[in-house]
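The values are calculated or read from the model by the stated rules, or taken from the named source; none is laboratory data. Here the structure is a predicted model, which is why all the values come from computation and not from measurement. Glycine also receives a Cβ, built like all others from the backbone with ideal geometry; neighbour counts cover every protein chain displayed.
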């Protein structure tokens with residue numbers, strides 16, 4: 001029986017995916033779980049595995065096409081079997097270009113406003129339209145059956161914000177998909193999430209000592225270069241396991257506890273930031289955390305992330321210490337309850353037993369969603385984390 005290959009949903013609220021390349025040719029044998037195609041989302045290019053065994057047949061989508069999620073784009077068939085006959089899939093337009101294809105039932109003619117009555121609009125697109133005060137009756141949909149997508153709304157926002165007669169095209173900077181998504185999500189979080197912040201200076205002496213002690217061992221045994229971020233992921237995850245509220249999720253009306261502690265680490269990529277995820281970090285060995293961070297950060301920079309690399313996060317760490325930043329306030333990634341901003345480790349004069357002393361200090365800033373966490377709960381978590389860092393050697397192993 002033929003197996004349908006569909007455009008997958010690799011991210012929350014994803015509506016379309018762009019086919020970058022087929023990794024197998026039509027007529028080739030494919031095994032279940034084998035990389036079959038590469039898809040570009042708003043975050044990165046990701047490999048998609050074959051859903052079953054069979055011969056790749058009936059490819060309906062070319063490289064570069066943008067296709068709605070759930071659309072059949074090819075089939076896997078048995079020897080001698082033919083793929084089912086189907087109409088060509090709807091191919092959504094890339095932003096800034098004309099639609100590559102449109103169904104015959106589409107009521108929209110080129111250049112005409114989209115009629116609001118009866119128009120299909122995704123919930124995310126409707127929310128964005130309210131946020132940016134976009135008149136949906138003037139927006140042409142490029143989704144399946146001319147549905148209005150978030151890209152259509154964002155295009156309308158950009159069009160309204162740029163007076164063509166006054167701004168030269170050469171001065172406009174087009175955002176990459178990653179940068180555009182980051183702008184959208186941070187705007188959403190900043191305007192809808194009630195943030196509050198707690199800041200604490202922490203003595204990093206034990207953290208540095210742990211790195212000095214463990215780095216040669218990990219390099220010798222695993223070929224890994226240990227970083228302070230690796231150590232922080234291990235420490236934060238272990239403390240977070242004792243504070244389920246900080247590891248919870250806001251679901252719109254109540255707090256949803258998460259059974260796993262999955263730590264996201266913000267990684268800089270071209271034109272934006274991507275958060276790679278270490279699943280069940282509280283149960284992982286330090287070597288496993290370090291290896292995963294390296295591998296996933298490299299894939300992020302190369303634009304070759306896997307869906308599992310960026311999904312399921314319950315808490316985020318953003319470390320800008322390597323850029324010489326002393327402290328900063330990070331914006332929460334919904335639906336997570338908190339994010340930890342980490343500054344650089346620098347020598348400072350502090351009071352130790354009533355006397356001035358020089359210590360390597362680090363500033364931690366915890367951003368919290370006040371719907372999920374109150375100040376006292378956040379303060380206890382931050383205290384426990386500071387204590388764990390001050391006694392890092394007792395909490396870390398390889």
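Restricting to region 349-382, name every residue that is surrounded by fewer than 19 Cβ atoms within 10 Å (Cβ to Cβ) and touching a residue at least 40 places away in the same chain (Cβ under 8 Å).
Scanning region 349-382 gives 350, 359, 360, 370, 371, 375, 377, 379, 380.
In region 364-375, which residues are over 17 Å from residue 188 (Cα atoms) and touching a helix residue (DSSP H, G or I) at 6+ places or on another chain (Cβ under 9 Å)?
Once the filter is applied, which keeps residues that are over 17 Å from residue 188 (Cα atoms) and touching a helix residue (DSSP H, G or I) at 6+ places or on another chain (Cβ under 9 Å), region 364-375 yields 364, 366, 373.
Is there a residue being at pLDDT 95 or above, in a strand (DSSP E or B) and in contact with a strand residue (DSSP E or B) (Cβ under 8 Å, 6 or more places away or on another chain) anywhere in region 290-304?
no
So is residue 218 more than 30 Å from residue 125 (Cα to Cα), part of a helix (DSSP H, G or I) and touching a strand residue (DSSP E or B) at 6+ places or on another chain (Cβ under 9 Å) or not?
No: the conditions fail for residue 218.
Test of understanding: among 346, 388, which residue is crowded, with 17+ Cβ neighbours inside 10 Å, in the same structural domain as residue 236 (by TED's automatic domain parsing) and closer than 22 Å to residue 213 by Cβ?
388
Checking the condition within 28 Å of the chain's Cα centre (by Cα) and at pLDDT below 65, which residue from 161, 156 passes?
Residue meeting the stated conditions: 161.
Out of the residues in region 239-289 that are in a helix (DSSP H, G or I) and over 19 Å from the mean Cα position of the chain (by Cα), state the one that is surrounded by the fewest Cβ atoms within 10 Å (Cβ to Cβ).
Checking each candidate, the answer is 283.
Return the residue satisfying two criteria in turn: it lies in region 18-47 and is at pLDDT below 85 and in a strand (DSSP E or B), and of such residues it is farthest from residue 182 (Cα to Cα).
Filtering region 18-47 for residues that are at pLDDT below 85 and in a strand (DSSP E or B), the one farthest from residue 182 (Cα to Cα) comes out as 47.
Within region 244-275, which residues are in contact with a strand residue (DSSP E or B) (Cβ under 6 Å, 6 or more places away or on another chain) and more than 22 Å from residue 193 (Cα to Cα)?
Within region 244-275, 267 is the sole residue that qualifies.
Can you say whether residue 315 is in the same structural domain as residue 255 (by TED's automatic domain parsing) and touching a residue at least 40 places away in the same chain (Cβ under 8 Å), as far as the supplied structure shows?
So residue 315 passes the test.
From 59, 55, which residue is at pLDDT 85 or above, part of a loop (DSSP other than H, G, I, E, B), under 30 Å from residue 31 (Cβ atoms) and not assigned by TED's automatic domain parsing to the domain that holds residue 273?
59 is the lone residue from the list that is at pLDDT 85 or above, part of a loop (DSSP other than H, G, I, E, B), under 30 Å from residue 31 (Cβ atoms) and not assigned by TED's automatic domain parsing to the domain that holds residue 273.
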